[in-house]
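Report on one structure; see the data block that follows.
The values are calculated or read from the model by the stated rules, or taken from the named source; none is laboratory data. Here the structure is a predicted model, which means the values were calculated and not measured. Here the Cβ is made from the backbone with ideal geometry for all residues, glycine too, and neighbour counts use every protein chain on show.
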Amino acid sequence: MKVPTNNIGGEIVKDNETYLLKDNKLLKNLVVSSTLLLPGKETRGHSHDGQEEVYFFQYGYGVMTLGDETFPVAGGETVLIPDGAFHKVKNTEKYPLYFVCVFDGKRYE
């Protein structure tokens with residue numbers, strides 16, 4: 001099954017003044033989620049035991065906190081999130097930041 005990275009489809013999980021979040025649950029064991037993070041906004045930040053994630057940044061710029069480290073992120077970069085690690089993304093620019101993440105099974109938030 002092929003889906004475009006800039007529109008993975010799926011159901012809208014959240015749509016508010018911070019972001020548009022969609023989950024594509026067409027696979028049996030993985031969820032493919034997209035986040036359009038609006039300018040100057042940030043995710044709540046969270047961690048989940050027993051679950052790793054991969055974030056694929058598609059366009060925009062921001063900073064990501066992963067555990068005790070904060071570093072810049074941009075379109076074309078990938079971040080691997082270990083099991084149980086706290087993570088948070090902030091859009092530092094005047095344009096949206098868009099990323100796709102893949103995780104196992106269900107959403108832990």
Cβ-Cβ under 9 Å pairs, at least 6 apart or on other chains, segment 53-64 side under 15 Å from LYS94 (Cβ atoms), far side surrounded by fewer than 18 Cβ atoms within 10 Å (Cβ to Cβ) and at pLDDT below 95: TYR59/ASN6
Pairs, first hydroxyl-bearing (Ser, Thr, Tyr) in segment 67-85, second at pLDDT 95 or above and surrounded by 12 or more Cβ atoms within 10 Å (Cβ to Cβ), C-beta under 8 Å, six or more apart: THR70/VAL63; THR70/MET64; THR78/VAL54; THR78/TYR55; THR78/PHE56; THR78/PHE57
Some residue of segment 81-88 being at pLDDT 95 or above, surrounded by 13 or more Cβ atoms within 10 Å (Cβ to Cβ), among the charged types (D, E, K, R) and more than 12 Å from the chain's Cα centre (by Cα): no
Count of residues meeting criterion [within 21 Å of VAL31 (Cβ to Cβ) and without any contact (Cβ under 8 Å) to a residue 60 or more places away in the chain] in segment 86-109: 4
Residue identified as in a loop (DSSP other than H, G, I, E, B), exposed (fewer than 12 other Cβ atoms within 10 Å of the Cβ), on the phi > 0 side of the Ramachandran plot and in contact with a strand residue (DSSP E or B) (Cβ under 8 Å, 6 or more places away or on another chain) among GLY50, GLY76: GLY76
Hey, LEU26 in a strand (DSSP E or B) and either out of contact with any Lys or Arg (no Cβ under 9 Å at 6 or more places or on another chain) or at pLDDT 95 or above (or both) or not: no
